[in-house]
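The values are calculated or read from the model by the stated rules, or taken from the named source; none is laboratory data. Treat the numbers as computed from the prediction; the structure is a model and nothing was measured. Don't worry about glycine lacking a Cβ; one is built from the backbone with ideal geometry, like all the others, and counts go over all protein chains shown.
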Amino acid sequence: MPAQKGNNISISQIQDGLINPEFTSPTYVSATSFTVAGDVTSWLRPGRGLVITFQTSGIKRCIITSLSYNSGTDKTTINVIGDSLVNETITSVLLSLSDMEAIIGYSKVRAYSNSEQIVQRATWTKVQLNAENYDTQSEFDSTTNYRFTAKKSGYYLVIGSIFWKSSADQCYHGIYIRKNGNTATDGSIRSSGSDGFVVKVSDVIYLATNDYLELWCFHNVGSNINIGSGSDLTFMVINRLPI
């Protein structure tokens with residue numbers, strides 16, 4: 001039976017967890033990209049797993065991060081993460097249907113603050129997570145809105161952390177996960193001294209496509225205090241769950 005493109009795949013076409021989507025003339029470009037003839041952007045998407053076989057180097061397993069079609073050359077460039085590609089003939093490219101590669105293609109984000117932020121007393125304040133450790137699906141805005149916007153619906157594990165640099169006895173220090181501008185989870189505490197400390201919050205939250213998440217804070221210390229910076233101190237982790 002000839003292979004079909006897109007989602008029109010019958011059970012009889014699946015062999016060893018792989019299908020042949022009719023890639024044409026795959027050609028190495030770099031350790032993280034290759035081209036194929038024609039426009040495949042209408043049926044291929046980021047997050048799909050690929051099994052690429054090279055003439056002498058064998059199989060490389062990758063996940064698509066982005067695609068771009070050039071009408072002038074009539075080729076699609078496919079950018080990937082995973083195993084490094086090698087500069088030799090590509091003999092086949094297959095889509096992978098394995099569970100593990102599907103999970104790798106899910107959203108994985110870790111954003112953090114790389115500069116201290118002043119938080120005024122009794123003022124709701126968004127935490128400026130302005131740097132990223134990783135963002136596999138390009139869903140976190142670390143430049144303007146400091147928010148995660150879901151490209152796919154599903155359940156997401158969310159973890160937030162804030163390092164308050166100072167405190168006062170029995171003062172309130174808030175940390176909140178907000179979904180679409182409304183508080184979804186409150187992890188606030190009352191401090192018991194004047195030293196700096198970390199507060200954390202976590203939850204599993206359902207997001208529809210284009211729902212967004214942000215990390216917010218609040219305190220009632222007598223004066224303005226700072227949030228400390230550092231990828232190990234003030235951060236947000238978001239992973240889409242395979243459920």
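Spot the failing condition for Ser161; the list is (1) within 23 Å of Gly230 (Cα to Cα); (2) among the hydroxyl-bearing types (Ser, Thr, Tyr); (3) more than 23 Å from the chain's Cα centre (by Cα), and only one is missed.
(3)
Does Ser113 satisfy the criteria of being closer than 30 Å to Ser192 by Cβ, crowded, with 16+ Cβ neighbours inside 10 Å, in contact with a Leu (Cβ under 8 Å, 6 or more places away or on another chain) and small (Gly, Ala, Ser)?
yes
Inside region 33-68, can you point out the residues that are surrounded by fewer than 16 Cβ atoms within 10 Å (Cβ to Cβ) and assigned to a strand (DSSP E or B)?
Residues satisfying the conditions are Ala37, Thr53, Gly58, Ile59, Ser66, Ser68.
When region 116-127 is examined, which residues are found to be buried (at least 21 other Cβ atoms within 10 Å of the Cβ) and either assigned by TED's automatic domain parsing to the domain that holds Ile64 or not in a loop (DSSP other than H, G, I, E, B) (or both)?
Passing the criteria: only Val119.
May I ask you to say which residue of Ser223, Ser202, Ser231 is more than 16 Å from Ala111 (Cβ to Cβ) and either aromatic (Phe, Trp, Tyr) or in the same structural domain as Glu132 (by TED's automatic domain parsing) (or both)?
It is Ser223.
Do you know which residues across region 149-188 are closer than 20 Å to Ile238 by Cα, in a loop (DSSP other than H, G, I, E, B), in contact with a strand residue (DSSP E or B) (Cβ under 6 Å, 6 or more places away or on another chain) and among the hydroxyl-bearing types (Ser, Thr, Tyr)?
The answer is Ser188, and nothing else.
With the requirement that a residue be free of Cβ contacts under 8 Å to residues at least 60 places away in the same chain and among the aromatic types (Phe, Trp, Tyr), what does region 199-242 give you?
Tyr206
Just to be sure I understand the filter: pairs with C-beta atoms under 6 Å, separated by 6 or more residues or on different chains, first member in region 169-188 and assigned by TED's automatic domain parsing to the domain that holds Leu215, second member charged (D, E, K, R) and part of a loop (DSSP other than H, G, I, E, B). Which pairs pass?
Qualifying pairs under 6 Å: Asn180/Asp211.
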